[in-house]
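Data first, discussion second: the structure below is written as structure tokens.
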Amino acid sequence: MPYTDVPAFLARLREREAVGGLALEFTILTAARSGETLGATWGELDLEEAVWTVPAARMKAAKEHRVPLCSRALEIVQKLAEARTSEFVFPDHRRGRPLSNMAMEMLLRRMGEDKITVHGFRSAFRDWVGDETSFPREIAEAALAHQITNEVERAYRRGDAIQKRRQLMDAWEAYCSRSASQGIEFVSLTEAV
């Protein structure tokens, strides 16, 4: 899905109250992979600090990844915490299991979005960052938990720029929350502070 269509899609998605819809919205707002969202447990969330820490064992690059939660992503998990039935943030109707890996894909099909994938929202996010903001490339790549390919740079870069990534994710939430009629607005790093 082109990033220009994401705000209108999210407006439609927010009309659904199912756990699958909340999981999909959370995935879009955090730019996470499906498996990261579906496997999320309450122990990974720090609601006070608004940070989700995905353990290395569940990450593609086998490295722990801290995800700053924008206000809507935090609202989603707080809503689910009130009705908590399992260790999983996004539980299946069968107790003790996470939501099925097909739940979000099937929701897209029911919404008539046959040509898009959940993973494609990561691409929409990356295109939006590159086309519409002045956030540095490395901040966008860190938000996507992409590994630094240059070995020397990787050896020297030990931080995760979480505060800059928080600004980026807040800007993404603001963009995603725009109505389709508002159009696109360039977001600079200084404006996002």
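The values are calculated or read from the model by the stated rules, or taken from the named source; none is laboratory data. Keep in mind the model is a prediction, meaning the values are calculated, not measured. Cβ coordinates were reconstructed from backbone atoms using ideal geometry, including for glycine residues, and neighbour counts include every protein chain displayed.
Some observations on this one:
- So residue 83, is it exposed (fewer than 13 other Cβ atoms within 10 Å of the Cβ), aliphatic (A, V, I, L, M) and either within 14 Å of the chain's Cα centre (by Cα) or over 14 Å from residue 19 (Cβ atoms) (or both): no
- Residue in the range 16-26 that is within 20 Å of residue 161 (Cβ to Cβ), modelled with pLDDT under 95, surrounded by fewer than 20 Cβ atoms within 10 Å (Cβ to Cβ) and among the aliphatic types (A, V, I, L, M) present: no
- Residue 58 crowded, with 17+ Cβ neighbours inside 10 Å, touching a Lys or Arg at 6+ places or on another chain (Cβ under 8 Å) and within 23 Å of residue 117 (Cβ to Cβ): no
- Any chance residue 117 is without any contact (Cβ under 8 Å) to a residue 40 or more places away in the chain, under 21 Å from residue 1 (Cβ atoms), of a type outside the set (A, V, I, L, M) and not in a helix (DSSP H, G or I): yes
- Total residues in the range 96-106 satisfying the condition of being under 17 Å from residue 20 (Cβ atoms) and surrounded by fewer than 19 Cβ atoms within 10 Å (Cβ to Cβ): the figure is 6.
- Single residue of 41, 30, 53 found to be within 25 Å of residue 106 (Cβ to Cβ), in contact (Cβ under 8 Å) with a residue 12 or more places away in the chain, of a type in the set (S, T, N, Q) and touching a helix residue (DSSP H, G or I) at 6+ places or on another chain (Cβ under 8 Å): 30
Condition check ((1) part of a helix (DSSP H, G or I); (2) not β-branched (Val, Ile, Thr)) across all residues:
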| site | (1), (2) |
| --- | --- |
| 25 | yes, yes |
| 52 | no, yes |
| 61 | no, yes |
| 67 | no, no |
| 72 | yes, yes |
| 84 | no, yes |
| 93 | no, yes |
| 112 | no, yes |
| 126 | yes, yes |
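- Residue 1 vs. criteria under 24 Å from residue 145 (Cβ atoms), touching a residue at least 60 places away in the same chain (Cβ under 8 Å) and touching a Gly at 6+ places or on another chain (Cβ under 9 Å): yes
- Of the residues making up the range 128-137, just one is aromatic (Phe, Trp, Tyr) and part of a helix (DSSP H, G or I), namely 128.
- Screening 140, 145 for residues that are part of a loop (DSSP other than H, G, I, E, B), small (Gly, Ala, Ser) and modelled with pLDDT under 95 leaves exactly one candidate, 145.
- Of the candidates 109, 84, 137, the single residue that is more than 26 Å from residue 163 (Cα to Cα) and free of Cβ contacts under 8 Å to residues at least 24 places away in the same chain is 109.
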